[in-house]
1. Kindly identify region 76-202 as rounded, prolate or oblate by the Cα gyration tensor criterion: order the square roots of the eigenvalues as a ≥ b ≥ c, call it rounded if a/c is under 1.5, otherwise compare a/b with b/c, prolate if a/b is larger, else oblate.
2. Taking 0.36 nm per residue of separation and subtracting the Cα-Cα distance, what length does fully extending Glu68 through Arg48 add?
3. For Asp160, Asp191, what's the largest-to-smallest order of accessible area, 1.4 Å probe?
4. Working out 0.36 nm times the residue gap between Thr158 and Glu5, then minus their Cα-Cα distance, what length gain in nm do you get to one decimal?
5. Lys and Arg at +1, Asp and Glu at -1: add these up for the other residues within a Cβ distance under 15 Å of Trp66 and post the number.
6. Roll a 1.4 angstrom probe over the protein heavy atoms and tell me the percent of accessible area of region 128-175 that is carbon or sulfur.
7. Compute the length gained on full extension between Thr141 and Thr105: take 0.36 nm times their separation in residues and subtract their Cα-Cα distance, giving the result in nm to one decimal.
8. Which angle from 0 to 90°, rounded to the nearest 10, does the C-alpha axis of helix 17-28 make with the longest principal axis of the chain?
Amino acid sequence: VVVGEANYEGIIHSTQAEVQRLMFWTSVLSGAAGHTYGANGLWQVNTRQRPYGPSPHGGNWGNTPWEEAYQLPGSLQLGLARKLLELYPWWRFESHQHWVEPSGTPENVTAPFAAGIPGKVRFIYFYKPIFPWSGNSIKVTGIEPDYAYHALFWDPRTGDARYLGTVEPDSNSCWQVPLQPTFSDWLLILDATAAYSQLVSAKERNQ
């Protein structure tokens, strides 16, 4: 499956950058082979001098010119997501919802979604923040004992990474995800390869 038409950023409501991130990561980590980003203003090919205007049904989707639409935040952020995936053999990623508790479903897309390559790398995206006062938490499960995973939070807004160190699972092969840097959506990466070193500095890795 390739997601060929998502809800365009800037169209009506509930389409801003955070929704673009949610759609991208839940789709890709559910097994989609691709995802198409779109922005309102691009698909109409609006210009400042000549907006597209009403559609055949008579309604107008908006007059944002393409020169502004292509610079909406979601465009940059999904571009960062693509660059991150290209550090890994992303075409080998498979969905593994059993790697995380709780886990998302089509009915609950704000819960975590997980995919990756066993023994190599795990990507876990969570849209809903961890709130320490509410008792909600995220647990990575089924961690293979023969691999040393390095953990990091990757910021889907900026592409910056926060190194968390080596994962030390408990006796049940589980690892409690620490509090995220800010109350927002984050991508958790568990990496048993050398690719993570391209995301964090040597100083961070040696601390």
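The values are calculated or read from the model by the stated rules, or taken from the named source; none is laboratory data. Computed from a predicted model, the values in this text were never measured in an experiment. Don't worry about glycine lacking a Cβ; one is built from the backbone with ideal geometry, like all the others, and counts go over all protein chains shown. What goes into the accessible areas is simple: the full protein's heavy atoms, side chains included, and nothing from ligands, DNA or RNA. Shrake-Rupley method; radii C 1.70, N 1.55, O 1.52, S 1.80 Å.
1. It is rounded, given that a/c, with a ≥ b ≥ c, falls under 1.5.
2. Net length gain for the segment: 6.2 nm.
3. From most accessible down to least: Asp160, Asp191.
4. Using 0.36 nm per residue and subtracting the Cα-Cα distance, I get 52.7 nm.
5. -1
6. 47
7. Working it through step by step, the gained length comes to 11.3 nm.
8. Tilt relative to the chain: about 60 degrees.
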